[in-house]
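The values are calculated or read from the model by the stated rules, or taken from the named source; none is laboratory data. None of these values were measured; they are calculated from a predicted model. Every residue, glycine as well, gets a Cβ built from its backbone with ideal geometry; the counts of neighbours run over all protein chains shown.
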Amino acid sequence: MRSADVMRAAVGAVVVSAVLGGCGDGGEKGSAQPTTRDPDSIVVFNVCSQLGDGALISAGLDPATKRVLTDPPTGPSTWRSCNWKSIDNRYGVGGQRVDVFSTSHTLAEARAKEGVIGVRDTTVGARPGLTFQEGNDPESCYVAFEASQGMFEVAAGALSDQIPSVDKLCELAKLYAANLEPHLPK
(Lines give C-alpha, C1' and ligand atoms only; values in the text may rest on other atoms or scores of the structure.)
Protein backbone atom coordinates (compact mmCIF):
# COMPACT_ATOMS: atom_id res chain seq x y z
CA MET A 1 0.00 0.00 0.00
CA ARG A 2 1.39 3.40 -0.96
CA SER A 3 2.07 5.66 1.99
CA ALA A 4 0.21 8.47 0.18
CA ASP A 5 -2.96 6.30 0.17
CA VAL A 6 -2.68 5.57 3.88
CA MET A 7 -1.90 9.22 4.62
CA ARG A 8 -4.86 10.43 2.52
CA ALA A 9 -7.31 8.15 4.34
CA ALA A 10 -5.87 8.92 7.78
CA VAL A 11 -5.71 12.68 7.29
CA GLY A 12 -9.26 12.79 5.95
CA ALA A 13 -10.62 10.84 8.91
CA VAL A 14 -8.66 12.86 11.51
CA VAL A 15 -9.53 16.26 10.09
CA VAL A 16 -13.23 15.52 9.74
CA SER A 17 -13.30 14.05 13.27
CA ALA A 18 -11.65 17.21 14.58
CA VAL A 19 -14.25 19.38 12.86
CA LEU A 20 -17.06 17.32 14.35
CA GLY A 21 -15.47 17.25 17.79
CA GLY A 22 -15.85 21.02 18.07
CA CYS A 23 -19.62 20.88 17.56
CA GLY A 24 -21.88 21.15 20.59
CA ASP A 25 -25.60 21.65 20.97
CA GLY A 26 -25.37 24.90 22.99
CA GLY A 27 -29.15 24.83 23.44
CA GLU A 28 -31.17 25.87 26.46
CA LYS A 29 -33.32 23.54 28.50
CA GLY A 30 -36.81 23.23 27.12
CA SER A 31 -35.97 24.70 23.71
CA ALA A 32 -36.36 22.72 20.52
CA GLN A 33 -33.07 21.01 19.70
CA PRO A 34 -31.95 20.29 16.15
CA THR A 35 -31.44 16.65 15.30
CA THR A 36 -27.79 15.77 15.73
CA ARG A 37 -26.15 13.41 13.27
CA ASP A 38 -23.78 10.89 14.78
CA PRO A 39 -21.40 9.97 11.93
CA ASP A 40 -19.90 7.20 14.06
CA SER A 41 -23.20 5.28 14.21
CA ILE A 42 -24.10 5.40 10.51
CA VAL A 43 -23.49 2.24 8.51
CA VAL A 44 -22.09 3.45 5.19
CA PHE A 45 -22.25 1.70 1.84
CA ASN A 46 -19.18 -0.50 1.49
CA VAL A 47 -17.56 0.47 -1.82
CA CYS A 48 -14.95 -2.25 -1.34
CA SER A 49 -17.45 -5.14 -1.27
CA GLN A 50 -20.78 -3.75 -2.54
CA LEU A 51 -19.64 -1.92 -5.68
CA GLY A 52 -19.92 -4.71 -8.25
CA ASP A 53 -17.46 -5.66 -10.97
CA GLY A 54 -19.96 -4.60 -13.67
CA ALA A 55 -20.18 -1.09 -12.22
CA LEU A 56 -16.40 -0.83 -12.00
CA ILE A 57 -15.85 -2.09 -15.55
CA SER A 58 -18.50 0.24 -16.97
CA ALA A 59 -16.74 3.13 -15.21
CA GLY A 60 -13.41 2.08 -16.78
CA LEU A 61 -11.86 0.47 -13.69
CA ASP A 62 -10.21 -2.93 -13.40
CA PRO A 63 -11.82 -4.95 -10.54
CA ALA A 64 -8.69 -7.14 -10.27
CA THR A 65 -6.58 -4.14 -9.18
CA LYS A 66 -8.58 -3.34 -6.03
CA ARG A 67 -6.56 -2.05 -3.08
CA VAL A 68 -8.28 -1.58 0.25
CA LEU A 69 -7.49 1.73 1.95
CA THR A 70 -10.00 1.66 4.83
CA ASP A 71 -12.51 -1.14 5.37
CA PRO A 72 -13.06 -2.27 8.97
CA PRO A 73 -14.29 -5.89 9.11
CA THR A 74 -17.49 -5.20 11.10
CA GLY A 75 -19.78 -2.52 12.44
CA PRO A 76 -20.29 1.12 11.54
CA SER A 77 -17.40 3.08 10.08
CA THR A 78 -17.17 6.75 9.16
CA TRP A 79 -15.01 5.88 6.14
CA ARG A 80 -14.74 2.90 3.79
CA SER A 81 -12.47 3.29 0.79
CA CYS A 82 -10.74 1.32 -1.92
CA ASN A 83 -8.96 2.19 -5.13
CA TRP A 84 -8.67 0.67 -8.56
CA LYS A 85 -6.54 1.24 -11.66
CA SER A 86 -8.06 2.28 -14.95
CA ILE A 87 -8.63 -0.46 -17.52
CA ASP A 88 -7.65 1.54 -20.54
CA ASN A 89 -6.75 4.95 -21.79
CA ARG A 90 -10.37 5.92 -22.58
CA TYR A 91 -9.94 9.44 -21.20
CA GLY A 92 -6.77 10.28 -23.12
CA VAL A 93 -4.33 10.32 -20.21
CA GLY A 94 -2.03 7.48 -19.18
CA GLY A 95 -3.22 5.13 -16.45
CA GLN A 96 -5.09 6.47 -13.47
CA ARG A 97 -5.58 5.41 -9.91
CA VAL A 98 -9.15 6.06 -8.80
CA ASP A 99 -9.97 6.16 -5.08
CA VAL A 100 -13.61 5.73 -4.06
CA PHE A 101 -14.59 6.83 -0.55
CA SER A 102 -17.89 6.18 1.22
CA THR A 103 -18.44 8.26 4.35
CA SER A 104 -20.98 9.42 6.89
CA HIS A 105 -19.49 12.91 6.74
CA THR A 106 -21.17 15.62 4.67
CA LEU A 107 -20.41 18.06 1.86
CA ALA A 108 -20.50 20.92 4.37
CA GLU A 109 -17.77 19.19 6.37
CA ALA A 110 -15.70 18.57 3.23
CA ARG A 111 -16.03 22.23 2.25
CA ALA A 112 -14.92 23.37 5.73
CA LYS A 113 -12.08 20.86 6.13
CA GLU A 114 -8.69 22.42 6.78
CA GLY A 115 -6.20 21.81 3.98
CA VAL A 116 -8.81 21.64 1.22
CA ILE A 117 -8.01 23.94 -1.71
CA GLY A 118 -9.64 24.93 -4.99
CA VAL A 119 -13.19 24.13 -3.87
CA ARG A 120 -15.77 24.45 -6.66
CA ASP A 121 -19.44 23.53 -6.74
CA THR A 122 -20.52 20.87 -9.23
CA THR A 123 -23.18 18.24 -9.71
CA VAL A 124 -22.76 14.51 -10.16
CA GLY A 125 -25.85 13.08 -11.81
CA ALA A 126 -28.56 15.10 -10.07
CA ARG A 127 -26.65 15.28 -6.78
CA PRO A 128 -24.99 18.43 -5.44
CA GLY A 129 -21.24 18.10 -5.18
CA LEU A 130 -17.81 19.70 -4.91
CA THR A 131 -14.47 19.37 -6.63
CA PHE A 132 -11.33 20.10 -4.63
CA GLN A 133 -7.77 19.14 -3.90
CA GLU A 134 -6.15 18.22 -0.63
CA GLY A 135 -3.16 20.47 0.09
CA ASN A 136 -1.10 17.42 1.05
CA ASP A 137 -2.06 15.52 -2.14
CA PRO A 138 -1.43 17.84 -5.12
CA GLU A 139 -1.29 14.91 -7.56
CA SER A 140 -5.01 14.07 -7.16
CA CYS A 141 -8.36 15.79 -7.57
CA TYR A 142 -11.46 14.87 -5.56
CA VAL A 143 -15.14 15.01 -6.43
CA ALA A 144 -17.54 14.67 -3.49
CA PHE A 145 -21.29 14.30 -3.86
CA GLU A 146 -24.29 13.98 -1.57
CA ALA A 147 -25.76 10.76 -0.26
CA SER A 148 -28.28 10.14 2.53
CA GLN A 149 -25.48 8.50 4.55
CA GLY A 150 -23.31 11.65 4.12
CA MET A 151 -21.37 11.63 0.85
CA PHE A 152 -19.19 9.74 -1.60
CA GLU A 153 -15.82 10.95 -2.86
CA VAL A 154 -14.03 9.91 -6.02
CA ALA A 155 -10.40 10.93 -6.50
CA ALA A 156 -8.34 10.60 -9.66
CA GLY A 157 -4.56 10.49 -9.57
CA ALA A 158 -1.92 9.67 -12.16
CA LEU A 159 -0.02 6.38 -12.10
CA SER A 160 2.93 7.69 -14.07
CA ASP A 161 5.48 10.47 -13.69
CA GLN A 162 3.57 12.45 -16.32
CA ILE A 163 1.02 14.06 -14.03
CA PRO A 164 -1.80 15.84 -15.85
CA SER A 165 -2.77 19.37 -14.90
CA VAL A 166 -5.10 19.91 -11.95
CA ASP A 167 -7.89 20.78 -14.40
CA LYS A 168 -7.38 17.48 -16.26
CA LEU A 169 -7.29 15.50 -12.99
CA CYS A 170 -10.55 17.16 -11.89
CA GLU A 171 -12.12 16.42 -15.28
CA LEU A 172 -11.11 12.76 -14.89
CA ALA A 173 -12.44 12.59 -11.33
CA LYS A 174 -15.77 14.04 -12.53
CA LEU A 175 -15.99 11.47 -15.34
CA TYR A 176 -15.32 8.54 -12.99
CA ALA A 177 -17.75 9.97 -10.40
CA ALA A 178 -20.48 10.39 -13.06
CA ASN A 179 -19.98 6.79 -14.22
CA LEU A 180 -20.04 5.38 -10.66
CA GLU A 181 -22.88 7.56 -9.30
CA PRO A 182 -25.79 5.47 -10.66
CA HIS A 183 -24.35 2.45 -8.82
CA LEU A 184 -24.14 4.21 -5.44
CA PRO A 185 -27.06 4.66 -3.04
CA LYS A 186 -28.81 8.01 -3.00
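For the reader, a short list of remarks on this structure follows.
- Just one of (1) among the aliphatic types (A, V, I, L, M); (2) over 23 Å from Asn46 (Cα atoms); (3) buried (at least 17 other Cβ atoms within 10 Å of the Cβ) fails for Leu159. It is (3).
- Number of the condition not met by Gln149 [criteria: (1) polar (S, T, N, Q); (2) surrounded by fewer than 23 Cβ atoms within 10 Å (Cβ to Cβ); (3) modelled with pLDDT under 95]: (3)
- Matching residues, the range 136-186, being among the charged types (D, E, K, R), part of a strand (DSSP E or B) and under 29 Å from Asp38 (Cα atoms): Asp137, Glu146, Glu153
- Test for Ala126: is it surrounded by fewer than 16 Cβ atoms within 10 Å (Cβ to Cβ) and farther than 22 Å from Gly157 by Cβ: yes
- Members of the range 87-111 found to be modelled with pLDDT of 95 or more and among the small types (Gly, Ala, Ser), listed by number: Ser102, Ser104, Ala108, Ala110
- Helices (runs of 4 or more DSSP H) enclosed by the range 1-77 - at least 1 residues per element that are modelled with pLDDT under 50 and farther than 30 Å from Asp88 by Cβ: 3-21
- Candidate set from the range 150-178 (those that are polar (S, T, N, Q) and in contact (Cβ under 8 Å) with a residue 40 or more places away in the chain); member that is nearest to Pro76 (Cα to Cα): Ser160
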